[in-house]
Each structure stands twice: as structure tokens, then as C-alpha cells.
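Chemist: Take a look at the following structure, please.
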């Protein structure tokens, strides 16, 4: 929590002590600073100060440094104005005379020097503070490294075991013995009577809070039957966190009631002070398996894992191990135990930690095996990623669970302890990140109305990546990086960097990404609302609806980018040169792409072709399924997709069979053998056409005698269909009827015939 608060304070640049103007103008401020410098140099020279004292001193110097950093640019506006005036004056003659122009330039020069002094003074103090902070950080890192690499005698010596066990139990039961031997004075009894009402109220409040937590537990279990699947993951996590909060509050109330009673001794009070921390660890460890087994958590969602009971026991064991580590560092240290006893206790705790990690390794191996069984049903990228992550975690845990006890056994007690703690905390953080990532993706899909299959879209992946970046500082703290060092890195990074004439900083980039992401999500939300609610209730055809939805998407993303640029204050004037250079490249190398893009906009606005139309272009015939800004996708009658550049649809010849309406003409050619009665054939064909229910009666069908072909007498049936999409099926039905009637009437349908004449038949003899 302290790390988060300091991090936020650094981001928002607080001003401690003196203001900028006071730093720039007050000598008292610098006198105080010089006093701080003298004290810091003496502390560093002595090298005997505790880590806590050094941290306090560092924070104090850091506050001064923040003030000096913002004070470097003091009087910048006035300096710029006076410098402009000074440069605008012409050069005065250097003849020793008291020229008014020369006097004015000297006055401006003196004023400039006077105005620059506070900034130069602040810059010098800033460099001095930065140097002192670097020395303190170096000293603290050296101490931490020496502590980790320090060694003691091995706790595996049998000679110390009896003493170690005896002292351990003595230290463990010390609070109980103190409580049993505690004599309650009259003052304590009087205080208890005074606080009795408060104690009863606290206990009653704790019971109510715990009961509410249990009711929320039951409500979480019943959510699956009452909440739609799309919203289940979004609703479950907040309720479970609320349940966790109520249970934690009940523990805080009980601890407060025990403190007010005054019936616990000194050691008991020390234990009560740590009890909320220990309870939080245990509650959180029991909360994680609920989320893993009750929701769709990343790549675990489709796996049939072991029971929740096993997972809860593993996490509870890991939490207890962490509590034991903290108790060994605080509780045992407050008792009169030897270093050998302390090492022996840590060895036992480390072995228990390795046992817990071994059980976790078995569970991770189970996940890896299940993923390999499902490999054929998954996309290759997701499978590779899903298998890589558990495998890496498995190998790391396997290495650490053997290494930590070995380090403690050979005497590197601190190193082994820190390794075990860091591994357990890192494992918990990894699982927490996975749970939060899954919740964020679920929330995104629910807001935009997306399906579960869209979890691998660009925005969910980017959100997951951002969440991973946010978690990196917490991983660093777990593995021994000091909070102040992380804040120092962030402060240096926050100052930004220059890209040409544009000053970029993490704040600007983060602001741009946040605003653009919000705009993009709002655009997608509007598109979803139009597609599902608004447009279906209008009389627009599907093509017009698609055009509106696509247009809203392009306009929304463009406006989101413009607003993000303008809000963050990025100077884009220099991009005009880049735009000019790009225009030359577009004119030569990207003209086809630009042409297709412009054509796509024309198609979306004018809509000569809409989604669902039956068209023919460039020898390809089919239904329009999608129109984008670059190309149009056509589904042919053999169910294959053909991608047509939009420029071909705008500049080429396009036949649209269903544009405006579905009425179209059907032409069926029919050939009969020579010698057939043409009038009879015409009457039969007209009768068949008029009898078909899907051929319009007004205008009615007609039969045309086209002429004399090389092999047949050629006729044509010409009819108007109400829905041209039925053309092929109607044509097939009519051809079947023609063949049936011609067979009954004895009318021959000819095939190609040729007469062969041989000039010299005698040569064949």
C-alpha cells in the first residue's frame, strides 16, 4: 500500500516544504537544504544508520529534489521575453560614449542575469540532491546484497536440534504463557467496564459482517442459475471481492475489540497488530481457488482440472508458509533465541514451502498434459502460448523448490528464505493477473456485446498486455527491488524523450492510449447498438445498414484519434512535412491502394452495390457478402469467396441482378429437330411457362421462334420472375417439364449431326 501511495504522489508531483517561488527567492529554503545536505553527508560517511533511517532521509531528499526539478524553469517566461527584447535591439556603438541604446542593452543584460540566478541555483541543488539519492540507493543495495549473501553455520548439525526445538516451542507459546500469567489490575477492570459497550458493539458488528460475507458466498454460488452466461464472469468477481471485504472487516473489528479490552499482554498485542495482515493473506489464498474453478480463467477455462479442495489446500498451505516466514522474522526475533535456532526453524519452513511448491508443480503438469490433449482443437498460436506459460512456470518452480532448501542447509539462510517467499508471492501474483485479465476481457466483451469467441481480438490482447506491464513493478518489488528505486526509474522515464521536434513522455503516450481506447470502445458500442437495436427497426435494407455501421466505425476511430492527439497536446505541426513526403509515395507506389480506398468510400456512400446483391463483375458472379474500404467479398454459387478490388466495381462494368428490386427476366433456349411442327412446339412452351407459379402473369411469358440453327429449330422462352434469385431452380424445373411434354408429343430434341462426303470412295477399296 505504501508503494502505491508513493507512486501516485510522484506521478502528481506534490510540493513538499517550500513552493517553487520560495525556492527561487528565499534564502531560508536553501539554508534548510544545506542543513539537510550536511546531515546526509555525515550519515553516509559514518555508514551506521539503519535502513529505516536511510529510507526516511532519502524520502526527505527526494522531496527537495522534486521541488528543485520544478524550480529549474522558474522565470522562464520572463527570461524568454527579455531575451527577445535584448536580441531585437541593434548593436550599440562601442566608442565609450553613454549611448541610450547601450545603456538599455546593459540594463536588459543585468536583468537577464538576475532572472537566471534562481534557475541556476535550483539546478545546482537538483544535481546535488540527485547525487545524494544515488549514494543512499547504492548503500542500501550493498547492505541488502551483503545480507542475502551472508552465511552462518549449517542448521543440519544434530547437536543443535534439541536446543532449537526447545527454544522454538518456547517462543511459540510465549504469548499464551504471558496471557495465563497476566494479572488484571483494578485499572484494567475499570477500563474494561468503560469499554464494555464498545467491545460488545464491535463483536456484534464483526458477527454481522461475517454473516453478510457468508450470505454473499451463497449468492455467488447461485449466480450461475440466475445470471446470463455472458454477464456471469463480470458479476461474480465484484461480489466475491465484496464477500472478502466483509470477512476482513469482521477480523479488524475483533482485533480492535481485543485491543480495547486490555486483557492481552505485550506479546499478545504485537501478535494482534500482525493478525489483520496474516488474515488478509489467508483469505486471499482461499479466494483464488474459487475464482479458478468457478469462472472462465484464461486457458484454464476448458480444462477438467483437479478438485477445488486440492487447490484450496495448496493455496492455504502457501499462505501459512508466508505467515510462518513473517513470524520467524518478527516473533522469534523478539525472543531470546540463538542464530542456530533461527536457522533450524527457517530450514523446516523452507522444506514445507518446497513441499507446497511440489504439489503446485504437479497441478501445472496436469494443465500442460490436458493442453497437449486438446491441441488438435485449438489454434496453433493459442496452443503454443498456453503450453509455453505453464511449462515455464513448472520449470521455474521445480528449480526453486530444490534450490531454496539447499541454500538454507549450507548456511545461506536469508537467501533461501527470500527465494521461497518470492516464488510463492510471484505465483500468487501470476494467478491474480490471470484472473484480473480474464475479468477485464469479459467486461469488454459484455459492454460491446461480443461473443466469447472474440477473446483473441486486438483490443482484448492489448488490454492484457497493458495489465502485464502494470504488474511488472509488483514482480520487481517481490524479488527485492526497493520501491524507491522503482519510483526513481519511473521518474527518469517520466521526463520523456524527444522524437524530432516532438517531446514525448509516458504521461502523454498513456493519455493518448487511454483516450483513443475509450473512443474506440465507445465507437464499437455505438456500432453494436445500431446493429442490434436501432437499424433493424427501420425500413433500410441490409446493405444500407452495413454502410451506416461501417461509416460510423471509420468516423468514430478517426475522431478518437484526433481527440486523443488534441487532448494530450501533441504538436503535430511537424507532421506536415511527413505528410508531404508520404503524398509523393502515395502518388507513385500506393496509388492502387488509395484508388481502392476511395472507391470503397464511394461504394459505401452511393451504394451502387449493397450487401446481399447478386452481381456479376469481371466474369465472377455471386452474392455480395462484405464491403470494406479496400475490397469487396463475393460469395460465388460454389461457396467460394472472391475478393474484388473496389476500383473494379467503380470503374468497371458491373451487372447487378437484384439492385432496387428482385424482378428479373428469364431466358430459356430450346431446340427441336427439323421436321417438327413449329406451332405445336410454340404452344407447348407457352403453356409450360404460363403454368409456372413463380413466373409473373403481367407481363406474361412469351415464346420466340429464333430461326434455323445448324442442328435444330431454335426457340426461346422469355419470362419475368418476381424474384430473380430463383432463376436457376425455375429454369431447371421448366426444362424438366419440356422434356416430359416433348416425349409425350413425339417431338425430338436433336443433337449435333454432320453429313460426311467422301470425294474418292474408290480409293477406299
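Chemist: Within region 496-608, considering only helices (runs of 4 or more DSSP H) that don't extend past its boundaries, which have at least 1 residues that are modelled with pLDDT of 65 or more and in the same structural domain as residue 646 (by TED's automatic domain parsing)?
Modeler: Because the criterion is at least 1 residues that are modelled with pLDDT of 65 or more and in the same structural domain as residue 646 (by TED's automatic domain parsing), the helices (runs of 4 or more DSSP H) in region 496-608 that meet it are 591-606.
Chemist: Something else: I'd like to know if region 387-396 contains one or more residues that are at pLDDT 75 or above and under 30 Å from residue 157 (Cα atoms).
Modeler: yes
Chemist: Can you confirm whether region 420-442 contains a residue that is over 27 Å from residue 529 (Cα atoms), part of a helix (DSSP H, G or I) and more than 29 Å from the chain's Cα centre (by Cα)?
Modeler: Yes, region 420-442 contains a residue that is over 27 Å from residue 529 (Cα atoms), part of a helix (DSSP H, G or I) and more than 29 Å from the chain's Cα centre (by Cα).
Chemist: Hey, another quick one. Determine if region 720-732 includes at least one residue that is touching a residue at least 24 places away in the same chain (Cβ under 8 Å) and more than 60 Å from the chain's Cα centre (by Cα).
Modeler: No; the residues of region 720-732 include none that is touching a residue at least 24 places away in the same chain (Cβ under 8 Å) and more than 60 Å from the chain's Cα centre (by Cα).
Chemist: Answer yes or no as to whether residue 671 is over 30 Å from residue 612 (Cα atoms), exposed (fewer than 12 other Cβ atoms within 10 Å of the Cβ) and not assigned by TED's automatic domain parsing to the domain that holds residue 621.
Modeler: no
Chemist: Sticking with this structure for a sec: Cβ-Cβ distance below 7 Å, separation of 6 or more or different chains: which pairs start in region 681-709 with a residue that is touching a residue at least 40 places away in the same chain (Cβ under 8 Å) and end on one that is assigned to a loop (DSSP other than H, G, I, E, B) and surrounded by 12 or more Cβ atoms within 10 Å (Cβ to Cβ)?
Modeler: 681/747; 689/701
Chemist: For the condition at pLDDT below 75, surrounded by 18 or more Cβ atoms within 10 Å (Cβ to Cβ), closer than 30 Å to residue 242 by Cβ and in contact with a helix residue (DSSP H, G or I) (Cβ under 8 Å, 6 or more places away or on another chain), what is the one hit in 292, 303, 332?
Modeler: Checking each option against the conditions leaves just 292.
Chemist: Does region 740-747 contain at least one residue that is more than 17 Å from residue 681 (Cβ to Cβ) and assigned by TED's automatic domain parsing to the domain that holds residue 673?
Modeler: Among the residues of region 740-747, not one is more than 17 Å from residue 681 (Cβ to Cβ) and assigned by TED's automatic domain parsing to the domain that holds residue 673, which makes the answer no.
Chemist: Here is a follow-up. Given the structure, is residue 312 part of a helix (DSSP H, G or I), at pLDDT below 70 and surrounded by 17 or more Cβ atoms within 10 Å (Cβ to Cβ)?
Modeler: Answer is yes for this residue.
Chemist: Please work out if residue 633 is at pLDDT 65 or above, at positive phi and surrounded by 15 or more Cβ atoms within 10 Å (Cβ to Cβ).
Modeler: For residue 633, the condition - at pLDDT 65 or above, at positive phi and surrounded by 15 or more Cβ atoms within 10 Å (Cβ to Cβ) - is not met.
The values are calculated or read from the model by the stated rules, or taken from the named source; none is laboratory data. Because the structure is predicted, anything quoted here is derived from the model rather than measured. As a convention, Cβ positions derive from the backbone with ideal geometry for all residues, glycine included, and neighbour counts pool all protein chains shown.
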